[in-house]
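Report on the following structure.
The values are calculated or read from the model by the stated rules, or taken from the named source; none is laboratory data. All of these numbers come straight from a predicted model, not from anything done at the bench. With ideal geometry, Cβ positions are generated from the backbone for all residues, glycine too; neighbour counts draw on all protein chains shown.
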């Protein structure tokens with residue numbers, strides 16, 4: 001009934017899908033334990049061209065070039081993290097000073113509820129009940145969002161000592177990975193014949209390009225969110241614009257949370273203190289940023305990863321809807337690796 005070549009390709013795709021799904025599941029399930037080594041591999045791959053440059057131009061031994069590039073990389077990261085942390089501490093202090101106490105904000109809430117109750121009592125009981133249910137839902141959502149943020153901050157504070165250990169292990173692992181990455185590759189390729197070695201080399205090269213392009217595309221998206229938020233908060237004359245912009249950029253990485261956590265929380269606060277101009281402006285800015293991201297993300301990811309924009313859009317939407325951020329990653333990388341294997345004629 002079907003062409004034999006089509007059946008063969010279908011079997012190969014089925015095998016690829018099975019292996020990919022199992023590998024993806026194992027990778028993310030074990031990531032809490034393997035994170036330092038995964039980061040070490042990524043940094044070592046990024047540093048590889050610089051290592052080769054030092055070895056070729058200055059005739060340095062591999063061990064010395066590896067320690068130089070690793071030290072420089074971590075020094076730059078540490079320097080910028082220190083600058084950002086100091087700025088965040090300064091702006092967090094300003095934010096805490098400006099945030100009103102419960103005694104100040106409570107009269108606003110009480111006054112709002114009294115006025116709302118007066119207007120609602122004139123409505124039909126059914127409409128009143130629906131509005132009451134919707135308001136309860138909104139307040140519960142805001143409460144859950146705030147609780148999620150506080151839990152995340154608390155969890156981060158508790159994990160600070162283990163974070164330091166992760167950094168140290170990552171530094172050491174990066175050095176050894178940078179130094180021995182070529183020997184690891186040679187040892188691994190010994191299991192293949194000549195044709196297999198050629199295919200593995202092509203696969204490694206394409207995967208490396210894909211990794212760099214993927215990181216580049218999402219770095220651009222997160223940076224765009226940061227710049228848009230910083231311009232917005234600065235225009236609205238927020239003294240803690242950098243802190244809020246960095247928080248938006250961080251939350252933008254996780255679609256489950258998203259920048260709405262910041263924008264809607266701020267809008268709710270300004271609504272309570274009767275600063276309607278700022279509240280409405282924040283909602284409008286959030287809508288604009290979301291629309292820009294929805295337009296830019298598929299085009300940017302598709303161009304950097306060499307995928308069809310409609311497939312990228314579908315994978316982002318379906319993935320996030322089904323399993324959140326991991327679902328999106330699963331579908332995106334499924335398409336990427338399928339394209340790589342198709343390009344090197346393994347599927």
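Can we say residue 341 is buried (at least 16 other Cβ atoms within 10 Å of the Cβ) and either farther than 18 Å from residue 261 by Cα or touching a strand residue (DSSP E or B) at 6+ places or on another chain (Cβ under 6 Å) (or both)? Considered against the rule, which asks whether it is buried (at least 16 other Cβ atoms within 10 Å of the Cβ) and either farther than 18 Å from residue 261 by Cα or touching a strand residue (DSSP E or B) at 6+ places or on another chain (Cβ under 6 Å) (or both), residue 341 comes out as yes. Scanning region 297-310 for residues that are exposed (fewer than 15 other Cβ atoms within 10 Å of the Cβ) and in a helix (DSSP H, G or I) returns 299, 303, 309, 310.
If you filter region 242-292 down to residues that are in contact with a helix residue (DSSP H, G or I) (Cβ under 7 Å, 6 or more places away or on another chain) and without any contact (Cβ under 8 Å) to a residue 12 or more places away in the chain, you find that the one that is nearest to residue 222 (Cα to Cα) is 251. The residue that is nearest to the chain's Cα centre (by Cα), among those in region 270-289 that are within 17 Å of residue 245 (Cβ to Cβ) and either surrounded by 16 or more Cβ atoms within 10 Å (Cβ to Cβ) or at pLDDT below 90 (or both), is 289.
Only residues that are outside any helix (DSSP H, G or I) and over 23 Å from residue 338 (Cβ atoms): list them for region 185-208, please. Steps first, please.
The initial filter retains those residues of region 185-208 that are outside any helix (DSSP H, G or I), namely 190-193.
Those that are outside any helix (DSSP H, G or I) and over 23 Å from residue 338 (Cβ atoms): 190, 191, 193.
Condition (residue is over 23 Å from the mean Cα position of the chain (by Cα), surrounded by fewer than 16 Cβ atoms within 10 Å (Cβ to Cβ), farther than 30 Å from residue 285 by Cβ and at pLDDT 90 or above) applied to region 204-227: is it met by at least one residue? Checked against the condition, which is being over 23 Å from the mean Cα position of the chain (by Cα), surrounded by fewer than 16 Cβ atoms within 10 Å (Cβ to Cβ), farther than 30 Å from residue 285 by Cβ and at pLDDT 90 or above, region 204-227 yields no hits at all. One residue stands out among those in region 22-56 that are farther than 22 Å from residue 67 by Cα and touching a residue at least 60 places away in the same chain (Cβ under 8 Å): the one that is farthest from the chain's Cα centre (by Cα), which is 24. Scanning region 4-61 for residues that are crowded, with 16+ Cβ neighbours inside 10 Å and more than 27 Å from residue 177 (Cα to Cα) yields one hit, 16. Apart from one condition, residue 237 fits all of (1) more than 25 Å from residue 321 (Cα to Cα); (2) surrounded by 15 or more Cβ atoms within 10 Å (Cβ to Cβ); (3) without any contact (Cβ under 8 Å) to a residue 24 or more places away in the chain; the exception is (2).
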